[in-house]
Amino acid sequence: MQLGDPVAPRAPSDRDDALAPLVPIGPPMRPPRRSRWRVVFAVVLAAIPLLCVGAIPLAFHSYDTATRPDRSKPDVVVHEYLQLFLNVPDDVAAGQLVCPGPSDLKAIKDYRTIIEAGAQRARQSISFTWVEAPVASAGPDAASVDVRIIATIGGVRSAGSQADLFTFTTHLADQWCVASATRLG
């Protein structure tokens with residue numbers, strides 16, 4: 001070929017710089033395999049919020065059941081009332097165990113006031129214990145419980161104690177509640 005000779009065009013396949021067609025060589029390529037641990041981790045991460053959402057109502061119900069005062073029997077409601085009224089003392093919580101409507105609890109309120117005043121004068125701590133007698137039924141929806149309350153002022157070693165007998169009347173509405181307290185001696 002000389003300079004100036006017309007050059008015949010070449011077909012693309014005749015060119016040296018043409019790309020060869022892609023022909024697979026060897027086994028076919030597989031997509032990269034995901035690790036099983038990744039899948040397990042993803043499932044666990046997805047399950048955690050579901051478990052938390054399910055556990056919240058269960059925890060609330062358990063807490064509510066555990067902290068609700070027991071009003072299943074007359075002697076139990078009297079015990080709970082005395083615990084909240086004398087030992088805690090929490091008048092609001094104790095008031096939840098009192099029957100709705102008129103109630104006569106002046107005797108036990110006066111008793112606590114007198115004992116607390118004596119403890120303040122002596123500058124001593126005070127503790128209350130009690131012993132409940134068996135429940136005396138007064139019909140299908142009423143019962144009375146005799147209770148011997150012992151007030152101890154000053155702890156075990158310097159104890160000055162006073163024992164008093166009360167009768168608590170309870171009524172059954174939906175649950176048992178304390179209706180009245182009468183000091184017997």
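The values are calculated or read from the model by the stated rules, or taken from the named source; none is laboratory data. For clarity, every value in this text was computed on a predicted model and none was experimentally measured. Every residue, glycine as well, gets a Cβ built from its backbone with ideal geometry; the counts of neighbours run over all protein chains shown.
What the table shows:
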{"item": "Residue in the stretch 65-75 that is of a type in the set (Asp, Glu), at pLDDT 85 or above, in a loop (DSSP other than H, G, I, E, B) and in contact with a helix residue (DSSP H, G or I) (Cβ under 8 Å, 6 or more places away or on another chain) present", "result": "no"}
{"item": "Enumeration of residues in the stretch 129-150 that are within 18 Å of His79 (Cβ to Cβ), among the hydrophobic types (A, V, I, L, M, F, W, C) and at pLDDT below 90", "result": "Ala133, Val135, Ala136"}
{"item": "Filter result for Ala59 (modelled with pLDDT under 85 and either over 17 Å from Thr182 (Cα atoms) or among the hydroxyl-bearing types (Ser, Thr, Tyr) (or both))", "result": "yes"}
{"item": "From the options Arg38, Arg33, residue that is loosely packed, with under 10 Cβ neighbours inside 10 Å, at pLDDT 80 or above and not hydrophobic (A, V, I, L, M, F, W, C)", "result": "Arg38"}
{"item": "Matching residues, the stretch 93-119, being without any contact (Cβ under 8 Å) to a residue 60 or more places away in the chain, small (Gly, Ala, Ser) and under 27 Å from Gly154 (Cβ atoms)", "result": "Ala93, Ala94, Ala117, Gly118, Ala119"}
{"item": "Where a residue in the stretch 69-83 is in contact (Cβ under 8 Å) with a residue 12 or more places away in the chain and its partner, wherever it lies, is crowded, with 19+ Cβ neighbours inside 10 Å and assigned to a helix (DSSP H, G or I), with Cβ under 6 Å and at least six apart", "result": "Pro69/Glu80; Arg71/Val77; Tyr81/Ala94"}
{"item": "Qualifying residue in the stretch 82-94 (condition: exposed (fewer than 10 other Cβ atoms within 10 Å of the Cβ), in a helix (DSSP H, G or I) and modelled with pLDDT under 90)", "result": "no"}
